[in-house]
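Every number in this text was worked out from the coordinates using simple rules, so none of it is lab data. Computed from a predicted model, the values in this text were never measured in an experiment. Cβ atoms come from the backbone with ideal geometry, glycine included; neighbour counts cover every protein chain shown.
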Amino acid sequence: MNMAITDGLTLMPPVFANGLEVWANGDGTPGSTTLDGVPTAAFVPADADFAGCLEIVKLNATEQIRYMGETPYRPGMYLRVTARVKAMSGNLPNVRIAAWAGDASLTHVAGLVETGPSVALAQYGEVVEVSAIIGSGQRGGVDMVWGTAPAYAHIGLDLTGPDGGVVRIDDLRVEDVTVAYLAQMLGAVDVRDYGAVGDGVADDSAAFAAADAAAQAQGGEVLISAGRYRLESNVSLASPARFVGTVEMPASARLTLTQNFNLPAYADAFGDETEGFRRALQALFNFADHDALDMGGRNVDLTAPIDVHAVVGTRDSSAIRRVIRNGSFYLRDSAEWADTVVTSQASYSASDPKRLSNVADIANVPVGALVTGAGVGREVYVTSKNVGAATLELSAELHDAVGTQSYTFRRFKYALDFSGFSDVSRVVLADLEFQCNSLGSAVMLPPAGLIFHVRDCFFSNMKDRGITSTGRGCQGMLVDRCQFLSREQQLPVSVRETIAINVNANDTKIRDNRAVRFRHFVVSGGAGHIYAGNHWFQDDHEPDGIRTAGLVLTNTNVKMLINGNYIDNSFIEWTNEHDAAPEHSNEYSFGGLTIVGNIFTAIDVAPWFSWLVVKPYGAGHYIHGLNVTGNTFKSLNGSINRVEKVDDTLAALDMGRCRNLRFEGNLFTAIDQVTVNPVTVQMDQATDAKTWVVEFDGYLPFDGRARNVENIVMEGEIRNAAGDGVYAYPFVRVERGTDGDAVEVVWPEPVHGRVHITGRVDAPN
């Protein structure tokens, strides 16, 4: 007896050999006449076909035989009642399974079908088997549909038709056949019922397709029962799928689960989260019905990088929105995470500024490798290579590398690596955690594409990088509300090497992120970026410690907004290190930068620390468009000299060409020299002089030259030696003094008094 539902319940009635007192010649309810002692009924101990059996003479129109015990019945249960019968003599009757339905209060449940199909006995001595199924649902093969009201049954059989015949009946059998209806009850179509073998060898692809078609017709699901199913070709299941068994497929074949497209389903399908993720990713980029892969909060262990292009396998580009969300990646120790490092000789020419030529051993230089060498700026990567021509294409120009030298190419390994594509746009990584465990990096972008979006993600303990762009795949990139945690938090700033993000292209939005103790938060090439609401900090525990740049700008005219950030123990460094001709020529110089409404903080730093550092890599540059307004600058555990400076290690700024520089409305705490432009200073001349020299005393940005005077206001009367008021207006001479940071106010005659003079470091127009 199958006990799928009825485990613990007694279904089988006693055999006739145990006595006929529990068998009724009626409906089986208490008070029914039993067969014990009825002269027309007797137990036959030795029948040739039945061994012990009941013999009865049919005398009534419907001769009822019922077990007086209560056979349990439950909703969802399906019971098959079977009897073997043969006619011995007299008229030949009909026979059918029958039962009486009672509820929990021992009351008959009226209105139900309580008889099964009738079978005619055609000849004497022929054994005929009759059966009927009692169940709660209207399903195929169910003869008596009882619903949920009954609690028990008095089971048995009826003899109908002509009277006077003698019939022998074998012991009744009651079986739980619920399992036969489980698929229907659960709306499932088993792939094995459509020819699937599940031995891991035979190709079950056709069986899966047939089961899916059947499930669609029935409105149910596909059940992949226990087994290992080999699928040699693409399989797409349009019905929901439930995996008890697992599948295996060649790398070129795809499994598409259209109704339960999520990582838990793929993990069940392939028996492993990692392989399940690969297969789900493959389907995501090759199927149009779904734009998002929900990881269902699952963790995926990675012992090697995921080459997304290789996993997808069928395309080199994608322009349709694709989302990976709600899960985590945990990097496990493996040799697969080791950097690939190649050192080769190559030549560089400023006339072809993003190419290395005559590259030795080029076949071994990996695409996506970081390039280092003399004259190479930060975050320059190999975008592509031409082995036949021995050339490498670079993500940025080199500032001082003309000629032939040895370069080092270091290829970091990434949890998700999109670099194998030619062009990918509109990929979204959302609500993910990358637990890199100091083994590998997190995400490498494709070499080209638009609007790669990373939001609400956690990047922890990357060995080298968080998000890397090796080309133009960062165009329009969005990074929102992410946290970046360095593996180097306990190291002094001076020895840190990790970088959270780099950018080569234009128009990115980096917003509301938090980055902790990297060498740099972002190395930012291109232009048109917005950095808003971020908090990055790069302190250590060294007294009078040095600090590195949190945000590095590598181009001159950046057209950029830096707004509402918390810039903590780091600074903004503005360079032109990605310029093959770093000396100024017929081009825009440093400009287009707005720094407004930020919080700048430093703790226990050297006094020469500054929050805004301009570092020209070639001579002749100047500032032509800089707005620093509404910021708060505060130094703790010691003061600093000033908030801005020029790093003239390689070249100085030409402050005599500065224009359109606004530096005002800022707040300063523990800053020795406040910076303002335009700035108004008070001049008190106690002795009579025709020429007054007004010193701006370092107020001007970058210790620049006093190039313009906007206004002179006399406070009180200006008097001559005789004490008479002088009402003539003076003229000025600008850029006076050794450093050009003073102006001369020239009167018609020697005078004394007080003036307020407003000077500028720039030409405003």
Of all C-alpha pairs within segment 544-601, those more than 13 angstrom apart amount in percent to 65
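How big is D, in µm² s⁻¹, for segment 488-669 by Stokes-Einstein at 10 °C and 1.306 mPa s if Rh is the Kirkwood radius over C-alpha pairs?
Values: Rh = 16.4 Å.
Estimated diffusion coefficient is 97 µm²/s.
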State the antiparallel share, in %, of DSSP beta bridges confined to the chain, rounding to the nearest 5.
45
Among 476, 56, 714, whose Cα projects farthest towards the positive end of the dipole of the chain, with charges put on the beta-carbon of Lys, Arg (+1) and Asp, Glu (-1)?
714
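Projected area of segment 186-305, taken from the Cα convex hull and averaged over every viewing direction, in nm²?
Values: hull surface 29.1 nm².
About 7.3 nm², averaged over all directions.
Evaluate the charge dipole of segment 623-698 about its Cα centre and quote only its size in Debye, nearest 20, assuming +1 on the Cβ of each Lys and Arg and -1 on the Cβ of each Asp and Glu.
Details: 7 positive and 10 negative charges, 57 e Å.
With only Lys, Arg, Asp and Glu charged at Cβ, the dipole is about 280 debye.
May I ask for the equivalent-ellipsoid semi-axes of segment 612-686, computed as the square root of five times each C-alpha gyration tensor eigenvalue and listed largest first in whole Å? Write down the numbers at each step before the final one.
Values: eigenvalues 108, 66, 35 Å².
Whole-Å semi-axes of the equivalent ellipsoid: 23, 18, 13.
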Rank 528, 395, 515 by how far each Cα sits towards the positive end of the charge dipole of segment 391-537 (+1 on Lys, Arg Cβ; -1 on Asp, Glu Cβ) and give me just the farthest.
515
Sorted by average packing, counted as other Cβ atoms within 10 angstrom per residue and highest first, what order do 94-107, 264-277 take?
264-277, 94-107
Report the charge-dipole magnitude of segment 16-182 in Debye, nearest 20, computed about the Cα centre from +1 at each Lys and Arg Cβ and -1 at each Asp and Glu Cβ.
300
Please identify every one of the GluC sites (Glu not before Pro) in segment 483-576 that sits in a loop by DSSP and has no more than 16 other beta carbons within 10 Å of its own beta carbon.
497
Search the structure for amide H atoms under 5 Å from the amide H of residue 575, placed 1.01 Å from N in the peptide plane, and list their residues when 5 or more places away or on another chain.
553, 554, 555, 615
Binning at 10 angstrom from zero up to the longest distance, how are the C-alpha pair distances of segment 347-486 distributed in percent?
12, 39, 32, 15, 2
In terms of the charge dipole of segment 275-375, which places +1 on Lys and Arg and -1 on Asp and Glu at the beta carbon, the residue among 335, 350, 292 farthest towards the positive end is 292
Compute the helix-to-body angle for 205-218: its Cα long axis versus the longest principal axis of the chain, expressed 0 to 90° and rounded to tens.
80
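Nearest 20 debye, what's the magnitude of the dipole of the chain about its Cα centre given +1 on Lys and Arg Cβ and -1 on Asp and Glu Cβ? Kindly include the intermediate steps, with their values, before the conclusion.
Values: 60 positive and 91 negative charges, 237 e Å.
Value, rounded to 20: 1140 debye.
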Find, among the GluC sites (Glu not before Pro) in segment 1-107, those assigned to loop by DSSP (not H, G, I, E, B) with at most 14 other beta-carbon atoms within 10 angstrom.
21
Binning every alpha carbon pair distance of segment 16-182 at 5 Å from zero, what are the percents per bin?
2, 9, 18, 22, 20, 15, 9, 4, 1, 0
With Rg and the Kirkwood Rh both taken from Cα atoms, where does Rg over Rh land for segment 477-547?
1.01
Label of the coordinate-derived value, Rg/Rh (Cα atoms, Kirkwood Rh), listed as (1) 1.06; (2) 1.32; (3) 0.98:
(2)
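Looking at segment 99-149, which GluC sites (Glu not before Pro) are DSSP coil and have at most 14 other C-beta atoms within 10 Å of their C-beta? Don't skip to the end; give the middle numbers.
Numbers: sites: 114, 126, 129; in loops: 114, 126.
Sites meeting the loop and neighbour criteria: 126.
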Could you please rank 341, 522, placing first whichever residue has the fewest other Cβ atoms within 10 Å of its Cβ?
341, 522
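Given a cut-off of 32 Å, name the pairs among 354/509; 354/463; 559/645; 413/634; 634/690 whose C-alpha atoms lie farther apart than that in the structure shown. Mind showing how you got there, number by number?
Details: 354/509 25 Å; 354/463 27 Å; 559/645 20 Å; 413/634 39 Å; 634/690 41 Å.
Exceeds cut-off: 413/634; 634/690.
Calculate for the chain the 222 nm mean residue ellipticity that helices alone would give, adding -39,500 (n - 2.57) per DSSP H run of length 4 or more and normalising by residue count, nearest 500 deg cm²/dmol. Working shown, then result.
Numbers: 5 runs with 48 residues, N = 765.
When only DSSP H runs of four or more count, the value is -2000 deg cm²/dmol.
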In nm, give the distance between the simple-model label positions of residue 729 and residue 103, each being 7 Å from the Cα along the Cα-to-Cβ direction.
10.7
